[in-house]
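Student: Here's a structure for you.
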Amino acid sequence: MTTLAPAPADVAESGSPAFNAPEQNKRRRRTAAILVALLPLALMLVFTVYPVLLLLSNSIHDDAGTLTLATWDRLFSNPVFIDTVWTTVRIASIVAVLCVILGTFLAIVMVFVPFRGTEFITNALNVYLSFPSFLITLALVFVWGNVGMVNGALSALSLPPVSLLSTQWGVILAEVIYFTPFALRPALAALQVMDTSQVEVAEALGAKPWRIVRRVILPEILPSILAGGSLVLLRAMNEFGIVLFTGAKGVSTLPTLVYGQAIGRGNYGVAAVAAVVNIALSLGLYILYRQVTARTLGGSRAR
């Protein structure tokens, strides 16, 4: 009498290792994924969240560890601190606007008015973005400084010297020169992948170049322009090296105030308050940028 072989389902019972192997592998992969995700989260908590919480704690405690808002009240009742806040916002806003205008103009010229050396300039921009800000400022000191080339030439002509870098406009000039590529690069990347058929149609219909730029090109690359502008705004808001290296005596920004109070005077309570205000301004401007971007892009899509 022939014995029938048991079916595979009869061999692999629900409690056997063969049946549980796929489920166990799935659990191992899930556990490994959680562990991999926890590592960067832990690093972010240690190196980003904890320092911010420490700043917040130091800003509302005195040297004895007593909870107090006396430092906040003293700073916000000081006109010098209020002027420092507005100077920081004013310089960052002017720099962002000028960089967006200049960077967008240069990007359009490089794409639609090609000239010899365009590829070299594009590659040089990638290298330029890696330069520290103080190198650009140091180069400006050699040109516009008290003993720079310009003042040397003026002195040879018996003319009074120019103290450009010691003023707020000197800081703005240095930051515009350094940050313009950060606004130019996103606009240039968007223009290089843009569909030019609409531009060709507009040219065929007799539209003038400025009208083509305003009605066709700028709306097409608007997200990249806003992204570059927000990057410049946030970086200019927190720039320290350029303000320090220009030697502008009458210009005080929040980053230089934090440095002067913490390192120069050891007044960590004031430095903590100034740092928290700087962080709040940066976050506030970023949120404002997101809202403006959403409304602008929503309106452009509706049109």
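Student: Quick one: putting +1 on the C-beta of Lys and Arg, -1 on the C-beta of Asp and Glu, what dipole do you get for the range 149-303 around its Cα centre, in Debye to the nearest 20?
Tutor: Taking the Cα centre of the range 149-303 as origin, the dipole is about 360 debye.
Student: Among 57, 158, 240, flag the residue with its Cα farthest along the positive direction of the charge dipole of the chain, charges on Cβ as +1 for Lys/Arg and -1 for Asp/Glu.
Tutor: Comparing the listed Cα positions along the dipole, 158 ranks first.
Student: Which whole-Hz couplings ³J(HN,Hα) result when phi for each residue of the range 189-206 is put into the Karplus expression 6.51 cos²θ - 1.76 cosθ + 1.60, θ = phi - 60°, listed in order with x for Gly and Pro?
Tutor: Using θ = phi - 60°, the values come out as 5, 5, 5, 5, 10, 6, 6, 8, 5, 5, 5, 5, 5, 4, 5, 5, 7, x Hz.
Student: Amide H of residue 61: which non-local residues (sequence gap of 5 or more, or other chain) have their own amide H closer than 5 Å, using H built in the peptide plane?
Tutor: Here the answer is 68, since their amide H atoms fall under 5 Å of that of residue 61.
Student: Return the single residue from 224, 57, 155 with maximal mean-square fluctuation; model: Gaussian network over the chain, springs between Cα atoms under 10 Å.
Tutor: Highest fluctuation of the listed residues: 155.
Student: FRET efficiency for residue 286 and residue 66, Cβ-Cβ distance as r, R0 = 35 Å, nearest 0.05?
Tutor: For R0 = 35 Å, the calculated efficiency reads 0.60.
Student: Highest GNM mean-square fluctuation, the chain, Cα pairs closer than 10 Å: which of 210, 169, 144?
Tutor: 210
Student: Another question, then. On full extension of the chain, what length is gained from residue 167 through residue 82, given 0.36 nm per residue of separation minus the C-alpha to C-alpha distance?
Tutor: Extra length available between residue 167 and residue 82 comes to 28.7 nm.
Student: Using a basic spin-label model with each label point 7 Å from the Cα along Cα→Cβ, how many nm lie between residue 49 and residue 156?
Tutor: Those two pseudo-labels are separated by 6.2 nm.
Student: Would you compute, from DSSP H runs of 4+ residues alone, the mean residue ellipticity of the chain at 222 nm, taking -39500 (n - 2.57) per run and dividing by the full residue count, rounded to the nearest 500?
Tutor: Per the formula, -23500 deg cm²/dmol.
Student: Could you tally the net charge around residue 188, taking each other residue with its Cβ under 15 Å from the Cβ of residue 188, Lys/Arg +1 and Asp/Glu -1?
Tutor: Surrounding charge for residue 188 is -1.
Student: Something else now. Determine how many Å³ per residue the convex hull of the Cα atoms of the chain encloses.
Tutor: So the per-residue Cα hull volume is 304 Å³.
Each value in this text was obtained by applying a stated rule to the coordinates, not by laboratory testing. Keep in mind that this is a model prediction, so the values were computed, not measured. Positions of Cβ are generated from backbone atoms using ideal geometry, with glycine treated the same way; all protein chains shown enter the neighbour counts.
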